[in-house]
2 protein chains.
Amino acid sequence: MKQLQEKIMQEGKVLSDQVLKVDSFLNHQIDPPLMKAVGEEFAERFKEDGITKILSIESSGIAPAMMTGLVLGVPAIFARKRKSLTMSDHLFTADVHSFTKNETNEISVSKDFLKKGDKILVIDDFLANGQAVLGLLDIVEQAEAELVGVGIVIEKGFQPGGTMIREKGIRVESLAILESLEDGKVEFREEGTSL
Amino acid sequence: MKQLQEKIMQEGKVLSDQVLKVDSFLNHQIDPPLMKAVGEEFAERFKEDGITKILSIESSGIAPAMMTGLVLGVPAIFARKRKSLTMSDHLFTADVHSFTKNETNEISVSKDFLKKGDKILVIDDFLANGQAVLGLLDIVEQAEAELVGVGIVIEKGFQPGGTMIREKGIRVESLAILESLEDGKVEFREEGTSL
């Protein structure tokens, strides 16, 4: 997605070979028109698939998930990273390990909002080691819902998550794939390049 | 806001005299068209005020904040509830106590995104005791930005936050004000009722 790649080139900060900071438009400050375009792009790619729900995870997945849901005309659910007092044991849960933070969080989704027969599009901001997506897939499975695919705003192509998820036969649509962050420079994988 | 009140009546669950659960459209599952309408309503109420940034807080503030930013044509920032590894000490921070969870979190906003001269609209999902809004106001003050007002999706009129914030001379626009949740029933404060 050209508009997203341009934004990454303009505002993304390469902190190391592994870390791209996109706090100015995705992870802390949000650029609403860009998120609208991201939602339209995901909706275009999955419009023939009969999606009934978007499933994402707090916090940075919420903006792209909601915008996709708006265009597709379906609700967007965000998994919680820990239980809140107004949620009961009526939950699907999964453990998600963050290599960046070196901690494991429980994520949870109310059983009220994911049902057998739902056709789910999972959306997240980043795909790196794929642990968050695996947790969401686990929850989709527990709900006996159908996973249609995964939409990622920025995939770190040099980390193993994308390959791991695709090798399960799951369709992954990433709007920008980082090939490398070496020497402080962002290089994108060309669209259409085999993965 | 009539559409929001109707949604609360249809889907809100009164868990006690103090707690209304709106997980089906605001706090866990999001209803995108309703959030769009909420954003349009906030934008309408503050359209003459020269807002330059929306400031909100993760996670449930993100959806209404982004939609308001989309209509007003300005970015939406969400304060983080704890520091992440990709954020440095280049932060404005404030402590926010949650009476519901009986815990205090530090919230933070990068100094990159709030500047002197910014005209800030603070948006949040709920206003109860007002602690989250106070934390956000503290951060606006640290940034020497100008607070234009506060937009709240659902205000618990029977808790002290709304009165406390208004008594500081701050404009608070709540799209639905709960007068009472007694006897398991939602009662709204009539619009135009003096507060």
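Listing for the model above:
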{"quantity": "7 Å along Cα→Cβ, label-point gaps from residue A:18 to other copies, nm, shortest first", "calculated": "4.3"}
{"quantity": "Label spacing, shortest first and in nm, from residue A:98 to its equivalents in the remaining copies (7 angstrom along Cα→Cβ)", "calculated": "1.5"}
{"quantity": "Shielding by partners, peptide B:170-183 (average Cβ within 10 angstrom, other chains)", "calculated": "0"}
{"quantity": "Test item: A:96-104 mean partner chain Cβ contacts at 10 Å", "calculated": "1"}
{"quantity": "Spin-label zone in region B:140-184 - amide nitrogen under 17 Å from a point set 7 Å from the Cα of residue B:44 along the C-beta vector", "calculated": "B:151-154, B:173-177"}
{"quantity": "Cα centroid of region A:106-126 to Cα centroid of region A:1-80, whole Å", "calculated": "16 Å"}
{"quantity": "For residue B:183, label point 7 Å along C-beta direction: distances to other copies, nm", "calculated": "7.5"}
{"quantity": "Chain B - mean residue ellipticity at 222 nm from DSSP helices (-39,500 (n - 2.57) per run, n ≥ 4, rounded to 500)", "calculated": "-8500 deg cm²/dmol"}
{"quantity": "Within chain A, longest stretch free of exposed GluC sites (Glu not before Pro) [DSSP loop, at most 12 other beta carbons within 10 Å]", "calculated": "A:49-143"}
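Only the coordinates and a few stated rules stand behind these numbers; no lab work does. Quantities reported herein were computed from a predicted structural model and do not represent experimental measurements. We place every Cβ from the backbone using ideal geometry, glycine too, and count neighbours over all the protein chains shown.
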